[in-house]
1. Just tell me, in residue order, which DSSP H segments of the chain are both 24 angstrom or longer along the helix axis (alpha-carbon based) and at least -0.5 in mean Kyte-Doolittle hydropathy.
2. In debye, nearest 20: dipole of the stretch 132-230 around its Cα centre with unit charges on the Cβ of K, R (+) and D, E (-)?
3. Treat the stretch 113-173 as a sphere of radius equal to its Kirkwood radius over Cα pairs and apply Stokes-Einstein at 25 °C in a medium of 0.890 mPa s; give the translational diffusion coefficient in µm²/s, rounded to a whole number.
4. Using the Kirkwood radius built from alpha carbon pairs, what does the Stokes-Einstein equation give as D for the stretch 136-261 at 4 °C and 1.567 mPa s, in µm² per second?
5. Counting only protein heavy atoms and using a 1.4 Å probe, what share of the accessible area of the chain belongs to carbon plus sulfur, as a whole percent?
6. As an exercise, use a Förster radius of 35 Å and the Cβ-Cβ distance of SER225 and TRP150 to find the FRET efficiency, rounded to the nearest 0.05.
7. Taking the convex hull of the Cα atoms, report for the chain its projected area averaged over all directions, in nm².
8. Using protein chains only and a probe of 1.4 angstrom, how many square angstrom of ASP61 are accessible, to the nearest 10?
Amino acid sequence: MTDVDRPLAPSRSRLWWEIAIVLALGLGQSAVYAIVQLAYRLTDETPLADQTAALNPSRSDREIFDLIYQVLSIGFSIVPVLLVCFLLWQSSRPHLGRLGLDGTRVGADIGRGVLLVAAIGIPGIGLYLAGRAMGIFVAVDPSGEGAHWWTVPILLLAAARASLQEEFVVLGYLFARLKQLGWGPWTIILTTSLLRASYHLYQGPGAFIGNFAMGLLFGWLFQRSGRLMPFLVAHFLIDATVFVGYPWAADAFPALFGLPG
């Protein structure tokens, strides 16, 4: 390939516009809404501890349309992930190497993801319970849908959606693009952790603290390994456990996990 044929590297201005568009289509939009929702909650007459956030609410009082809306919502929310893959796709293998996906060491990556579940999931439950006691978390209802034959599969798809959308964009895409812009490792880790924390603010200030800490750990480990798969696995397993296991936990420990009356 001659110098004339070789594609030019995108300018800094173009990269910033690209980042803004990717975030506006998904997580950046969620962060703005979460900040506004937190302001609403803090100025509401009902104390924060007595408020509830439904993560997977029912979308229709008619079961078949509820299912259709759920599937459509999950499908369209994956579009930013597809856009990220399109933008960072390389003609040579591994095509998604810049996202840390090369198809090798899959078993080891899954194993590391399982270990991360213990490192994040157990302290996360403790932080949530402590935050509820201090009134800095709203009561989170991860499985707000009714009990239908398709409820568990949809909740698992919702967990996969959250894992793909957050880790592809926050870790894979932003780390790649911000490095291109000349940012240092810790500047990237802190910035992406702040983004991760901000779009969870609708759950209360406690969620900001917990997800900021999770972002620091995930970012530091991803910076060292450059492999995205462990974080996809860990995020999916944590959310799947919370989404599907919450009804059992609420029944078994109503004083801890039960929603406000």
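1. On the way: long enough: 106-134 (41 Å, 1.33); 205-225 (30 Å, 0.77); 229-252 (33 Å, 1.14).
Correct list, ordered by number: 106-134, 205-225, 229-252.
2. Numbers: 7 positive and 4 negative charges, 78 e Å.
Dipole of the stretch 132-230, to the nearest 20 debye: 380 debye.
3. Working: Rh = 14.0 Å.
In µm²/s, the coefficient is 176.
4. On the way: Rh = 15.8 Å.
It diffuses with D of about 82 µm²/s by this estimate.
5. Working: 9410 of 13860 Å².
Ligands and nucleic acids excluded, carbon and sulfur reach 68 percent.
6. Working: r = 36 Å, r/R0 = 1.03.
It comes to 0.45.
7. Values: hull surface 64.3 nm².
Its Cα hull, projected and averaged over all orientations, spans 16.1 nm².
8. My reading of the accessible area for ASP61 is about 150 Å².
The values are calculated or read from the model by the stated rules, or taken from the named source; none is laboratory data. Note that the structure is a prediction, hence the values are computed from the model and not measured. We place every Cβ from the backbone using ideal geometry, glycine too, and count neighbours over all the protein chains shown. In case anyone asks, the SASA skips ligands and DNA or RNA and just uses the protein heavy atoms, side chains included. Shrake-Rupley method; radii C 1.70, N 1.55, O 1.52, S 1.80 Å.
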